[in-house]
1. Using Cα pairs under 8 angstrom and six or more residues apart, how large is the relative contact order of chain A, in percent?
2. Report, ordered by chain and residue number, the lysines lying within cross-link reach of residue B:156, taken as a straight Cα distance under 21 Å and ignoring same-chain residues fewer than 8 apart.
3. Just to confirm my numbers, what's the Cα centroid distance between the stretch A:157-183 and the stretch B:16-91 in Å?
4. Can you put B:57, B:15 in order of accessible area, largest first, using a 1.4 Å probe?
5. So what is the calculated 222 nm ellipticity per residue for chain A, using -39500 (n - 2.57) for each DSSP H run with n of 4 or more, over all residues, to the nearest 500 deg cm²/dmol?
6. Using the basic label-point model (7 angstrom from Cα toward the beta carbon), what is the residue A:61 to residue B:80 distance in nanometres?
7. Can you give me the solvent accessible area of residue A:25 with a 1.4 Å probe, rounded to the nearest 10 Å²?
8. Roughly how much of residue B:81 is accessible, in Å² to the nearest 10, using a 1.4 Å probe?
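The values are calculated or read from the model by the stated rules, or taken from the named source; none is laboratory data. This structure is a prediction, so every number in the text was calculated from the model and none was measured. Ideal geometry is used to build each Cβ from the backbone, glycine not excepted, and the neighbour counts take in all protein chains shown. These area figures cover heavy atoms from the full protein model, side chains too; ligands, DNA and RNA do not enter into them. Shrake-Rupley method; radii C 1.70, N 1.55, O 1.52, S 1.80 Å.
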Number of protein chains: 2
Amino acid sequence: MKSARYPHSRIVILRMGHRIPRDQRVTTHVCLTARALGADGVYVSDTHDSQLADTLRKVTEDFGGNFTVETGVPWRSTISSWKNSGGKVVHLTAYGKPLPKIIDEIRSSDCDKLVVVGSEKMPGEVFLLADWNVAVTNQPISEVSALAVFLDWLFKHRLREDFPGARIKILPSEHGKRIVRSR
Amino acid sequence: MKSARYPHSRIVILRMGHRIPRDQRVTTHVCLTARALGADGVYVSDTHDSQLADTLRKVTEDFGGNFTVETGVPWRSTISSWKNSGGKVVHLTAYGKPLPKIIDEIRSSDCDKLVVVGSEKMPGEVFLLADWNVAVTNQPISEVSALAVFLDWLFKHRLREDFPGARIKILPSEHGKRIVRSR
(Lines give C-alpha, C1' and ligand atoms only; values in the text may rest on other atoms or scores of the structure.)
Protein backbone atom coordinates (compact mmCIF):
# COMPACT_ATOMS: atom_id res chain seq x y z
CA MET A 1 0.00 0.00 0.00
CA LYS A 2 1.35 3.40 -0.94
CA SER A 3 0.66 6.57 0.96
CA ALA A 4 -1.81 8.81 -0.83
CA ARG A 5 0.03 11.87 0.45
CA TYR A 6 3.49 10.67 -0.34
CA PRO A 7 3.29 8.54 -3.44
CA HIS A 8 6.77 7.05 -3.29
CA SER A 9 6.64 5.50 0.14
CA ARG A 10 4.65 4.22 3.08
CA ILE A 11 4.80 6.07 6.38
CA VAL A 12 4.10 3.96 9.45
CA ILE A 13 4.49 4.97 13.08
CA LEU A 14 6.04 2.69 15.73
CA ARG A 15 4.68 3.71 19.13
CA MET A 16 7.04 2.48 21.86
CA GLY A 17 6.41 1.80 25.53
CA HIS A 18 2.61 1.57 25.48
CA ARG A 19 1.19 0.61 28.87
CA ILE A 20 -2.41 -0.01 29.87
CA PRO A 21 -4.12 2.00 31.28
CA ARG A 22 -1.46 4.71 31.68
CA ASP A 23 -0.80 5.35 27.98
CA GLN A 24 -4.16 4.60 26.41
CA ARG A 25 -5.25 8.19 25.88
CA VAL A 26 -1.87 9.46 24.70
CA THR A 27 -1.45 6.51 22.32
CA THR A 28 -4.95 7.18 20.98
CA HIS A 29 -3.83 10.77 20.32
CA VAL A 30 -0.71 9.43 18.54
CA CYS A 31 -2.91 7.25 16.31
CA LEU A 32 -5.47 9.98 15.52
CA THR A 33 -2.64 12.37 14.70
CA ALA A 34 -0.91 9.85 12.46
CA ARG A 35 -4.15 9.19 10.56
CA ALA A 36 -5.30 12.81 10.23
CA LEU A 37 -1.89 14.00 9.06
CA GLY A 38 -1.39 11.38 6.37
CA ALA A 39 0.46 8.35 7.76
CA ASP A 40 -0.62 4.86 6.70
CA GLY A 41 -0.76 3.15 10.08
CA VAL A 42 0.63 2.61 13.57
CA TYR A 43 2.39 -0.31 15.19
CA VAL A 44 2.03 -0.29 18.97
CA SER A 45 4.96 -2.11 20.55
CA ASP A 46 4.82 -5.02 22.96
CA THR A 47 1.37 -4.54 24.52
CA HIS A 48 -1.84 -5.87 22.97
CA ASP A 49 -4.66 -3.33 23.22
CA SER A 50 -7.81 -4.39 21.39
CA GLN A 51 -9.73 -1.37 22.69
CA LEU A 52 -7.28 1.03 21.07
CA ALA A 53 -7.37 -0.88 17.78
CA ASP A 54 -11.19 -0.91 17.87
CA THR A 55 -11.37 2.83 18.49
CA LEU A 56 -9.21 3.58 15.49
CA ARG A 57 -11.02 1.05 13.29
CA LYS A 58 -14.29 2.80 14.11
CA VAL A 59 -12.81 6.24 13.35
CA THR A 60 -11.52 4.99 10.01
CA GLU A 61 -14.85 3.33 9.12
CA ASP A 62 -16.66 6.59 9.89
CA PHE A 63 -14.21 9.13 8.50
CA GLY A 64 -12.56 7.18 5.66
CA GLY A 65 -9.12 6.22 4.46
CA ASN A 66 -7.11 3.01 4.86
CA PHE A 67 -5.43 3.55 8.19
CA THR A 68 -4.37 0.44 10.13
CA VAL A 69 -3.37 -0.13 13.75
CA GLU A 70 -1.56 -3.24 14.96
CA THR A 71 -0.86 -3.68 18.65
CA GLY A 72 1.44 -6.03 20.58
CA VAL A 73 4.20 -5.79 17.99
CA PRO A 74 7.77 -6.65 19.12
CA TRP A 75 9.73 -3.46 18.44
CA ARG A 76 13.19 -4.90 17.80
CA SER A 77 12.13 -7.37 15.14
CA THR A 78 9.76 -4.78 13.61
CA ILE A 79 12.65 -2.37 13.13
CA SER A 80 14.91 -5.15 11.79
CA SER A 81 12.43 -6.43 9.26
CA TRP A 82 11.58 -2.88 8.19
CA LYS A 83 15.25 -2.20 7.48
CA ASN A 84 15.76 -5.61 5.85
CA SER A 85 12.94 -4.77 3.43
CA GLY A 86 14.75 -1.60 2.36
CA GLY A 87 12.85 0.81 4.60
CA LYS A 88 14.40 3.55 6.71
CA VAL A 89 13.83 4.50 10.33
CA VAL A 90 13.19 7.99 11.69
CA HIS A 91 13.33 8.36 15.47
CA LEU A 92 11.74 11.50 16.92
CA THR A 93 13.69 12.61 19.98
CA ALA A 94 14.60 15.94 21.60
CA TYR A 95 18.24 14.74 21.43
CA GLY A 96 18.30 14.44 17.64
CA LYS A 97 19.32 16.72 14.79
CA PRO A 98 17.08 19.73 14.24
CA LEU A 99 14.15 19.08 11.93
CA PRO A 100 14.82 22.10 9.68
CA LYS A 101 18.36 20.84 8.99
CA ILE A 102 17.41 17.27 8.13
CA ILE A 103 13.92 17.30 6.63
CA ASP A 104 15.08 17.77 3.03
CA GLU A 105 17.33 14.72 3.27
CA ILE A 106 14.48 12.63 4.70
CA ARG A 107 12.01 13.87 2.09
CA SER A 108 14.39 13.15 -0.74
CA SER A 109 14.60 9.48 0.21
CA ASP A 110 11.85 7.50 -1.46
CA CYS A 111 12.13 4.53 0.93
CA ASP A 112 9.27 3.48 3.17
CA LYS A 113 9.67 5.18 6.54
CA LEU A 114 9.06 3.88 10.03
CA VAL A 115 8.69 6.81 12.44
CA VAL A 116 9.51 5.76 16.01
CA VAL A 117 7.90 7.77 18.81
CA GLY A 118 8.48 7.00 22.40
CA SER A 119 7.65 7.32 25.95
CA GLU A 120 10.17 8.57 28.49
CA LYS A 121 12.22 5.37 28.58
CA MET A 122 13.40 4.85 25.03
CA PRO A 123 15.93 2.00 24.75
CA GLY A 124 19.35 3.39 23.79
CA GLU A 125 19.50 0.85 20.98
CA VAL A 126 16.85 2.81 19.07
CA PHE A 127 19.22 5.79 18.77
CA LEU A 128 21.70 3.50 17.01
CA LEU A 129 19.18 1.63 14.85
CA ALA A 130 17.60 4.83 13.53
CA ASP A 131 18.76 6.19 10.19
CA TRP A 132 17.73 9.64 11.40
CA ASN A 133 17.35 10.85 14.99
CA VAL A 134 15.25 13.96 14.53
CA ALA A 135 14.47 16.73 17.02
CA VAL A 136 11.38 18.72 16.13
CA THR A 137 12.77 20.90 18.89
CA ASN A 138 15.55 20.34 21.43
CA GLN A 139 13.03 21.17 24.16
CA PRO A 140 10.85 18.79 26.18
CA ILE A 141 7.75 18.24 24.07
CA SER A 142 4.96 15.75 23.59
CA GLU A 143 5.46 12.80 21.26
CA VAL A 144 1.98 13.64 19.91
CA SER A 145 2.99 17.13 18.84
CA ALA A 146 6.45 16.06 17.67
CA LEU A 147 4.76 13.55 15.37
CA ALA A 148 2.26 16.16 14.17
CA VAL A 149 4.90 18.72 13.26
CA PHE A 150 7.15 16.09 11.69
CA LEU A 151 4.39 14.73 9.42
CA ASP A 152 3.25 18.24 8.46
CA TRP A 153 6.81 19.16 7.46
CA LEU A 154 7.35 15.84 5.68
CA PHE A 155 4.26 16.51 3.56
CA LYS A 156 5.34 20.12 2.95
CA HIS A 157 2.41 21.57 4.90
CA ARG A 158 -0.15 20.17 2.49
CA LEU A 159 -2.72 18.94 4.98
CA ARG A 160 -4.50 15.78 3.91
CA GLU A 161 -8.07 16.24 2.68
CA ASP A 162 -8.78 12.99 0.81
CA PHE A 163 -10.17 10.20 3.00
CA PRO A 164 -12.02 7.90 0.60
CA GLY A 165 -15.02 5.89 1.77
CA ALA A 166 -16.06 8.20 4.63
CA ARG A 167 -19.54 7.76 6.14
CA ILE A 168 -19.29 11.06 7.97
CA LYS A 169 -17.87 14.32 6.72
CA ILE A 170 -17.38 17.43 8.78
CA LEU A 171 -18.17 20.57 6.81
CA PRO A 172 -16.15 23.70 7.59
CA SER A 173 -18.20 26.26 9.49
CA GLU A 174 -17.60 29.74 10.93
CA HIS A 175 -19.51 29.31 14.19
CA GLY A 176 -21.16 25.91 14.50
CA LYS A 177 -21.07 22.17 13.86
CA ARG A 178 -22.06 20.81 10.46
CA ILE A 179 -21.72 17.20 9.41
CA VAL A 180 -22.97 15.09 6.51
CA ARG A 181 -23.69 11.37 6.79
CA SER A 182 -23.40 9.67 3.44
CA ARG A 183 -24.80 6.23 4.36
CA MET B 1 4.85 40.46 28.35
CA LYS B 2 5.32 40.09 24.63
CA SER B 3 5.98 36.85 22.88
CA ALA B 4 9.57 36.49 21.78
CA ARG B 5 8.43 34.63 18.69
CA TYR B 6 5.66 36.95 17.74
CA PRO B 7 6.67 40.44 18.77
CA HIS B 8 3.29 42.11 18.29
CA SER B 9 1.20 39.95 20.57
CA ARG B 10 0.92 37.45 23.40
CA ILE B 11 -0.24 33.94 22.67
CA VAL B 12 -1.88 32.14 25.58
CA ILE B 13 -3.68 28.79 25.50
CA LEU B 14 -6.97 28.14 27.32
CA ARG B 15 -7.23 24.43 28.05
CA MET B 16 -10.87 23.47 28.60
CA GLY B 17 -12.39 20.54 30.45
CA HIS B 18 -9.38 19.45 32.50
CA ARG B 19 -10.23 16.62 34.89
CA ILE B 20 -8.01 14.91 37.45
CA PRO B 21 -6.68 12.27 37.00
CA ARG B 22 -8.15 11.57 33.55
CA ASP B 23 -6.63 14.55 31.72
CA GLN B 24 -3.39 15.12 33.59
CA ARG B 25 -1.10 13.56 31.02
CA VAL B 26 -2.82 15.06 27.99
CA THR B 27 -2.95 18.52 29.58
CA THR B 28 0.75 18.18 30.41
CA HIS B 29 1.33 17.44 26.72
CA VAL B 30 -0.73 20.54 25.81
CA CYS B 31 1.44 22.69 28.11
CA LEU B 32 4.78 21.24 26.92
CA THR B 33 3.68 21.75 23.31
CA ALA B 34 2.57 25.33 23.96
CA ARG B 35 5.90 26.15 25.61
CA ALA B 36 8.17 24.41 23.10
CA LEU B 37 6.39 25.93 20.11
CA GLY B 38 6.47 29.51 21.32
CA ALA B 39 3.30 30.34 23.27
CA ASP B 40 3.58 32.47 26.44
CA GLY B 41 1.46 30.41 28.80
CA VAL B 42 -1.56 28.21 29.49
CA TYR B 43 -4.73 28.78 31.46
CA VAL B 44 -6.30 25.51 32.62
CA SER B 45 -10.03 25.99 33.10
CA ASP B 46 -12.05 25.26 36.20
CA THR B 47 -9.89 22.65 37.93
CA HIS B 48 -6.97 23.50 40.19
CA ASP B 49 -3.99 21.23 39.56
CA SER B 50 -0.89 22.19 41.51
CA GLN B 51 1.00 19.10 40.32
CA LEU B 52 0.60 20.16 36.69
CA ALA B 53 1.67 23.72 37.44
CA ASP B 54 4.72 22.43 39.39
CA THR B 55 5.75 20.14 36.54
CA LEU B 56 5.74 22.99 34.06
CA ARG B 57 7.46 25.38 36.46
CA LYS B 58 10.26 22.84 36.85
CA VAL B 59 10.57 22.37 33.07
CA THR B 60 10.78 26.15 32.58
CA GLU B 61 13.36 26.55 35.37
CA ASP B 62 15.48 23.84 33.77
CA PHE B 63 15.03 24.63 30.09
CA GLY B 64 14.47 28.40 30.13
CA GLY B 65 11.99 30.95 28.91
CA ASN B 66 9.13 32.73 30.68
CA PHE B 67 6.29 30.28 30.30
CA THR B 68 3.47 30.43 32.86
CA VAL B 69 0.69 28.01 33.79
CA GLU B 70 -2.35 29.02 35.78
CA THR B 71 -4.91 26.39 36.77
CA GLY B 72 -8.47 26.61 38.09
CA VAL B 73 -9.33 29.54 35.84
CA PRO B 74 -13.06 30.15 35.08
CA TRP B 75 -13.27 29.89 31.30
CA ARG B 76 -16.21 32.19 30.61
CA SER B 77 -14.84 35.20 32.48
CA THR B 78 -11.34 34.51 31.12
CA ILE B 79 -12.64 34.74 27.56
CA SER B 80 -14.70 37.86 28.40
CA SER B 81 -11.87 39.73 30.02
CA TRP B 82 -9.50 38.71 27.21
CA LYS B 83 -11.89 40.18 24.65
CA ASN B 84 -12.59 43.25 26.80
CA SER B 85 -8.86 43.95 26.85
CA GLY B 86 -8.78 43.98 23.06
CA GLY B 87 -7.56 40.41 22.57
CA LYS B 88 -8.97 37.92 20.09
CA VAL B 89 -9.99 34.31 20.54
CA VAL B 90 -9.02 31.37 18.34
CA HIS B 91 -10.88 28.11 18.95
CA LEU B 92 -9.30 24.97 17.52
CA THR B 93 -12.03 22.56 16.44
CA ALA B 94 -12.48 20.00 13.67
CA TYR B 95 -15.71 21.87 12.80
CA GLY B 96 -13.99 25.17 12.04
CA LYS B 97 -12.66 26.80 8.90
CA PRO B 98 -9.62 25.15 7.35
CA LEU B 99 -6.33 26.41 8.74
CA PRO B 100 -4.77 27.11 5.30
CA LYS B 101 -7.70 29.41 4.42
CA ILE B 102 -7.66 31.44 7.62
CA ILE B 103 -4.08 31.54 8.92
CA ASP B 104 -3.09 34.69 7.00
CA GLU B 105 -6.01 36.62 8.47
CA ILE B 106 -5.10 35.47 12.00
CA ARG B 107 -1.41 36.24 11.50
CA SER B 108 -2.16 39.71 10.17
CA SER B 109 -4.00 40.66 13.36
CA ASP B 110 -1.59 42.07 15.93
CA CYS B 111 -3.96 41.53 18.89
CA ASP B 112 -3.11 39.23 21.75
CA LYS B 113 -4.53 35.79 21.04
CA LEU B 114 -6.20 33.29 23.33
CA VAL B 115 -6.14 29.83 21.74
CA VAL B 116 -8.90 27.63 23.13
CA VAL B 117 -8.35 23.87 22.99
CA GLY B 118 -10.83 21.43 24.31
CA SER B 119 -11.82 18.07 25.38
CA GLU B 120 -14.68 16.21 23.76
CA LYS B 121 -17.41 18.25 25.42
CA MET B 122 -16.78 21.83 24.34
CA PRO B 123 -19.62 24.17 25.38
CA GLY B 124 -21.46 25.44 22.29
CA GLU B 125 -21.01 28.98 23.57
CA VAL B 126 -17.30 28.81 22.76
CA PHE B 127 -18.09 28.46 19.04
CA LEU B 128 -19.97 31.77 19.25
CA LEU B 129 -17.49 33.61 21.47
CA ALA B 130 -14.51 32.72 19.26
CA ASP B 131 -13.35 35.24 16.68
CA TRP B 132 -12.02 32.33 14.63
CA ASN B 133 -13.08 28.68 14.77
CA VAL B 134 -10.15 26.96 13.11
CA ALA B 135 -9.87 23.37 11.87
CA VAL B 136 -6.28 22.20 11.52
CA THR B 137 -8.05 19.36 9.74
CA ASN B 138 -11.74 18.42 9.50
CA GLN B 139 -10.79 14.97 10.79
CA PRO B 140 -10.80 13.68 14.36
CA ILE B 141 -7.44 14.67 15.80
CA SER B 142 -5.77 15.30 19.11
CA GLU B 143 -5.95 18.76 20.70
CA VAL B 144 -2.23 18.36 21.36
CA SER B 145 -1.37 17.96 17.70
CA ALA B 146 -3.93 20.55 16.56
CA LEU B 147 -2.24 23.06 18.86
CA ALA B 148 1.21 22.06 17.62
CA VAL B 149 0.37 22.49 13.96
CA PHE B 150 -1.52 25.73 14.60
CA LEU B 151 1.39 27.32 16.49
CA ASP B 152 3.91 26.14 13.91
CA TRP B 153 1.85 27.70 11.11
CA LEU B 154 1.21 30.87 13.13
CA PHE B 155 4.96 31.32 13.54
CA LYS B 156 5.57 30.53 9.86
CA HIS B 157 7.44 27.30 10.62
CA ARG B 158 10.25 29.10 12.40
CA LEU B 159 10.69 26.77 15.35
CA ARG B 160 11.62 28.54 18.56
CA GLU B 161 15.26 28.18 19.61
CA ASP B 162 15.70 30.98 22.17
CA PHE B 163 14.85 30.00 25.75
CA PRO B 164 16.79 32.45 27.93
CA GLY B 165 17.98 31.41 31.39
CA ALA B 166 18.15 27.65 30.74
CA ARG B 167 20.05 25.47 33.23
CA ILE B 168 20.01 22.53 30.86
CA LYS B 169 20.55 22.53 27.13
CA ILE B 170 20.15 19.57 24.86
CA LEU B 171 22.76 19.50 22.11
CA PRO B 172 21.77 18.08 18.73
CA SER B 173 23.30 14.67 18.13
CA GLU B 174 23.23 12.09 15.35
CA HIS B 175 23.05 8.97 17.49
CA GLY B 176 23.10 9.71 21.21
CA LYS B 177 22.15 11.98 24.09
CA ARG B 178 24.18 15.11 24.81
CA ILE B 179 23.25 17.73 27.35
CA VAL B 180 25.01 20.69 28.94
CA ARG B 181 24.24 21.93 32.46
CA SER B 182 25.13 25.57 32.81
CA ARG B 183 24.72 25.90 36.59
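1. 26
2. A:97, A:101, A:156, B:2, B:88, B:97, B:101, B:113
3. Spelled out, the Cα-based centre of one part sits 29 Å from the other.
4. B:57, B:15
5. -10500 deg cm²/dmol
6. 4.5
7. Rounded to the nearest 10, the figure is 70 Å².
8. 60
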